[in-house]
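The values are calculated or read from the model by the stated rules, or taken from the named source; none is laboratory data. Since we're looking at a predicted model, the values are computed, not measured. Cβ placement follows ideal geometry from the backbone for every residue including glycine, while neighbour counts extend to all protein chains displayed. Each accessible area value is taken on the protein alone, full model and side chains, heavy atoms only, with ligands, DNA and RNA left out. Shrake-Rupley method; radii C 1.70, N 1.55, O 1.52, S 1.80 Å.
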Amino acid sequence: MNNPVRQRQWLFPVVNLLILVALLYAGTMGLGSIAPQRVSYTEFLAQVRAGKLSAVEITDQDLIGVKKPDTAKKKGEPAPEERIIATRLPGIDDTSLLKELEERQIKVTGHIERNAWIWGLLGWMLPLLIIGLVYVFGMRRLRQGGGAMTFGRNRAKIYDQSSRVKVTFADVAGVDEAKTELLEIVDFLRRPARYQALGGRIPKGVLLVGPPGTGKTLLAKAVAGEAGVAFFSISGSEFVEMFVGVGAARVRDLFEQAKQKAPCIVFIDELDAIGKSRTSGRGIGFSNEEREQTLNQLLAEVDGFDTSEGVILMAATNQPEVLDAALLRAGRFDRQVLVDRPDLKGREEILQVHARKIHMAPDVDLGIIAARTPGMAGADLANIVNESALLAVRRGSNSVELRDMEEAIDRVMLGLEKKRRVMTPAEKERIAYHESGHTLVALSVQHADPVHRVSIIPRSIGALGYTLQLPTEERFLMTQPELEDRITVLMGGRAAEEIQYNGVVSTGAADDLDRASELARQMVTRFGMSGQLGKLTYGRPLASPFLKSMFTTEERNYSDTTARIIDEESKRIVDAAFERAESILRERDDQLNHLASELMRKETLNKEEVDAVVQSTAPPAPAKQAAGR
Ligand code: ADP
Ligand code: MG
Ligand code: ZN
């Protein structure tokens, strides 16, 4: 493989050498400027005879004369070096000069510089030495960091089988779904031969996606620990180096080492630091080219190995949307595992995992702590347990009590940034009603995908809860009633809020409204589903007709009147959907209340639990409402 790093290797020392030479040059210029004015021997004698000198110093090779101040002061104050003149001693043994100096009462000092050459040499060597030292020291640091001259060694932390990863799945709690998905990987690593015999394709790259502190790094380690294989990990942020090529070299080296230690896991933490989309965010200078090269190298390495070699690639990110599409392509990080924030039960389990390490008073109920910390991630909970232990120690107690834990919650909450703050009970209730609204509407309309899970624990920063609907079959087309039902479900959250809080609404529906408006607009302008505007399309999309780009900028090819009608028609569709959602929810008022209170209690409900709640509350309208206008 043609490697850009190799080609650039010579560049670094050459640049350094140039800098060195420049520095030396500047150094000698400086030394030269203190030298006395050099004159010929004849002129020196002339000056002596003219009585212009006050003192003379005789050294091994030179005669240095200091002029009398008055003779030197001709026009203005002369520069100090002009008062000193020097000449080389003539080779002949001339004692007449001494006599002459004596006669004129010029102060003579002898100066025998036996070691003059050493001083001269030192004067030269010292700056050189210092520069050299700085250089060597710098290079050493770079080399430790895996950079520059050697371009080789990397910073990957290596956990061999000999120093086995001790983390196992037992240390990770509250993310059962992610664990289940990763079990397959563990099994493959344990018995690769079995999979090879069956010819099964195991995912090459697994991307763990989830908010910060939910245990992605921990899970990756646990996979290695469970399988008992080596774990190579490197963090994306470590690649962000000043020198172009260093990151790429590290990636190459990492994979080289990993292949020798197979079966093993190569884990790239914070993948977004290198994997940022190449088209977005053109940064300044170095870092960008560096990142691009690193990313290219990573892609090349990912493509270059086969899972049959027993190397499984794992990575983690909390912002999958910024990742370069090339990374997520089939055969690369094609398996994504969601690592969600834990719900009530999950939080209690995580607290239990961490409480194992400390001494708890027997009466401490971790369920209470879990109930008080909705929205917190595993890392925050680990922090709470740790803080509580510290507080107990400060109290002089040898076991952690409930009050320590509660104080620890307050401390940890204070430390959390606003974005990740814990919900207030009022917010929790509103979100519960909002999500219940989505869920109930989805259950009521004819064409909605079944509700798989509903939760009030946000999946991403800034979001509220979520209602997860999974399609029962793969769809290629959507009918008009299906689209209308979808918009109605989107309106369900807002409608529930209006009903429950007597028209006092919140910002919580912003995302739903966005999606609903977009869908309605599409119906009007792209799908010809508006009676008024007919079977024409409005606006020409600029990008490819692929689903995602349907929603991007488009060229406007219609009049202002049409624009107004588009707005009106879209609004009509959304309004109708909202009314439908509202009437559904008003009919199912009891179910709404019941579902919301169950959600507040458990935070996450799966399909069966939702069904149970809905069935236990007498259904007022048993027949499914048909989609209509
Ligand atoms: P992430 O990589 O997702 O940002 P980490 O894996 O670095 O989060 O988690 C940091 C710490 O928080 C872990 O070392 C662990 O102590 C604790 N932690 C996070 N999630 C969990 C979890 N699900 N179960 C147990 N501990 C967790
Ligand atoms: Mg991490
Ligand atoms: Zn919503």
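Measure off 7 Å from each Cα along the Cα-to-Cβ vector at T537 and A50, then give the distance between these two points in nanometres to one decimal.
Inter-label distance under the simple model: 9.8 nm.
Greater than 25 Å separation of Cα atoms is the criterion. Which listed pairs, K276/K607; K357/K602; K276/K345; K179/K357, meet it?
Numbers: K276/K607 36 Å; K357/K602 27 Å; K276/K345 35 Å; K179/K357 22 Å.
Over 25 Å apart, Cα to Cα: K276/K607; K357/K602; K276/K345.
Extension gain R586-K68, at 0.36 nm per residue separation less the Cα-Cα distance, in nm?
Once the chain is fully extended between R586 and K68, it gains 175.4 nm.
Using θ = phi - 60° and the Karplus form 6.51 cos²θ - 1.76 cosθ + 1.60, what ³J(HN,Hα) does each residue of the range 526-540 get, whole Hz, x for Gly and Pro?
Couplings: 10, 9, x, 10, 10, x, 6, 8, x, 8, 10, 9, 10, x, 9 Hz.
Can you pull the semi-axes for the range 425-616, root of five times each eigenvalue of the Cα gyration tensor, sorted largest first, whole Å?
Numbers: eigenvalues 203, 57, 48 Å².
The three semi-axes for the range 425-616 are 32, 17, 16 Å.
Could you work out the relative contact order of the range 425-616? I mean the mean sequence separation of Cα pairs under 8 Å and 6+ apart, divided by the number of residues, in percent.
Details: 282 pairs, mean separation 54.1, N = 192.
It rounds to 28 percent for the range 425-616.
Give or take rounding to whole Å, what are the principal axis extents of the alpha carbon atoms in the range 322-363, in descending order?
Sorted largest first, the three principal extents are 53, 20, 17 Å.
Along the Cα→Cβ direction, 7 angstrom out, place labels at A563 and R38. What is the inter-label distance in nm?
A separation of 8.1 nm, rounded to one decimal place.
FRET efficiency for A330 and L128, Cβ-Cβ distance as r, R0 = 51 Å, nearest 0.05? Kindly include the intermediate steps, with their values, before the conclusion.
Details: r = 58 Å, r/R0 = 1.13.
After rounding to 0.05, the efficiency reads 0.35.
The range 167-228: which trypsin sites (Lys or Arg not before Pro) are DSSP loop and have at most 15 other beta-carbon atoms within 10 angstrom?
Numbers: sites: K179, R190, R194, R201, K204, K216, K221; in loops: R201, K204.
Sparse-neighbourhood loop trypsin sites (Lys or Arg not before Pro): R201.
What is the list of residues in the range 120-140 whose amide nitrogen lies under 19 Å from a point 7 angstrom out from the Cα of Q61, following Cα to Cβ?
What the label zone holds, given the 19 Å backbone N cut-off, is 120-126.
Please identify every one of the GluC sites (Glu not before Pro) in the range 177-266 that sits in a loop by DSSP and has no more than 11 other beta carbons within 10 Å of its own beta carbon. The partial results should precede the final answer.
Working: sites: E177, E181, E184, E226, E238, E241, E256; in loops: E241.
Qualifying residues, ordered by number: none.
Do any trypsin sites (Lys or Arg not before Pro) in the range 291-391 lie in a loop, going by DSSP, with at most 14 other beta-carbon atoms within 10 Å of their beta carbon, and if so which? Please list the in-between numbers first.
On the way: sites: R291, R329, R332, R335, K345, R347, R356, K357, R372; in loops: R329, R332, R356, K357, R372.
Here the sparse-neighbourhood loop sites are R329, R356, K357.
By how many nm would the segment from R601 to T479 grow when fully extended, if each residue of separation counts as 0.36 nm and the alpha-carbon distance is taken off?
The R601-T479 span can extend by a further 40.2 nm.
Can you compute the charge dipole magnitude of the range 248-404 about its Cα centre, using +1 on each Lys and Arg Cβ and -1 on each Asp and Glu Cβ, nothing else charged? Give it in debye, rounded to the nearest 20. Could the numbers behind the result be given before it?
Details: 20 positive and 25 negative charges, 50 e Å.
In total the dipole reaches around 240 debye.
K259 versus N502, label points 7 Å from Cα toward the beta carbon: distance in nm?
7.2 nm
On a straight-distance basis, which aspartates and glutamates could pair with K535 in a cross-link, Cα separation under 16 angstrom, same-chain partners fewer than 8 positions away excluded?
Filter leaves E569.
Given that compact globular proteins tend to follow 2.2 N^0.38 Å, what is the ratio of the alpha-carbon Rg of the range 303-459 to that value? Walk me through the numbers before you get to the answer.
Numbers: Rg = 20.5 Å, N = 157, 2.2 N^0.38 = 15.0 Å.
Here the answer is 1.36, to two decimals.
In whole percent, and with a 1.4 Å probe on the protein chains, what portion of the accessible area of the range 425-616 is carbon and sulfur? Walk me through the numbers on the way to the answer.
Working: 5170 of 9780 Å².
Roughly 53 percent of what the probe reaches on the range 425-616 is carbon or sulfur.
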